[in-house]
Amino acid sequence: MSARRFAALLVALGCIASPLAAQVGEQGLTWRAGDPFVFCRYGMSHSPRAWYPVPDYARSTPLPTPGYCPWPTPYCQYLRGWSMEEIFAYTAYLRICPQAERSGRWEGAGDGTRAPFSH
């Protein structure tokens, strides 16, 4: 598959998934129960994952996990490819998290992933 066809496929999938995701949480966030603070600070909840956020969460780009492809793609010749869910979450991170302008601290008990329920 050529790079152009693959890029077109990703764009098409993003257009289809966007309206469905918009019904779930803050700005269409479907991960971490729609909580942008927890999602931007900790990323996806499953492990292992293809990417992880780095501080300053609002201004930095997430980094790929070692052993995974260095860019969001489901196929990589010698490394592990990203799942489609990880690719969609990565693009949601790039769209939602910079809107915070700067990272804030959690001011409640714990780390924010358990308030008001575990997510």
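The values are calculated or read from the model by the stated rules, or taken from the named source; none is laboratory data. Predicted, not measured: the structure shown is a model, and the values here were computed from it. Note that we place each Cβ from the backbone using ideal geometry, even for glycine, and neighbour counts take in every protein chain shown.
Need the failing condition index for ILE96 against (1) over 11 Å from the mean Cα position of the chain (by Cα); (2) within 19 Å of ALA33 (Cβ to Cβ); (3) modelled with pLDDT of 85 or more, just the number.
(1)
Would you confirm whether or not the stretch 70-82 contains a residue that is of a type in the set (Gly, Ala, Ser) and at pLDDT 90 or above?
Of the stretch 70-82, the ones of a type in the set (Gly, Ala, Ser) are 81.
Then drop every residue that is not at pLDDT 90 or above, which leaves 81.
Yes: the stretch 70-82 contains one or more residues that are of a type in the set (Gly, Ala, Ser) and at pLDDT 90 or above.
Of the conditions (1) at pLDDT below 80; (2) in a helix (DSSP H, G or I); (3) out of contact with any Gly (no Cβ under 7 Å at 6 or more places or on another chain); (4) within 20 Å of PRO98 (Cα to Cα), ALA58 satisfies every one except a single condition; which number is it?
Failing condition for ALA58: (2).
Residue by residue through the stretch 67-85, note down the ones that are aromatic (Phe, Trp, Tyr) and either surrounded by 13 or more Cβ atoms within 10 Å (Cβ to Cβ) or touching a Ser or Thr at 6+ places or on another chain (Cβ under 8 Å) (or both). Explain how you work it out, then say what you get.
Let us first name the residues in the stretch 67-85 that are aromatic (Phe, Trp, Tyr), namely 68, 71, 75, 78, 82.
Of everything in the stretch 67-85, those that are aromatic (Phe, Trp, Tyr) and either surrounded by 13 or more Cβ atoms within 10 Å (Cβ to Cβ) or touching a Ser or Thr at 6+ places or on another chain (Cβ under 8 Å) (or both) turn out to be TYR68, TRP82.
Given the criteria modelled with pLDDT of 85 or more and among the acidic types (Asp, Glu), does GLU107 qualify?
Numbers: modelled with pLDDT of 85 or more: no; among the acidic types (Asp, Glu): yes.
For GLU107, the condition - modelled with pLDDT of 85 or more and among the acidic types (Asp, Glu) - is not met.
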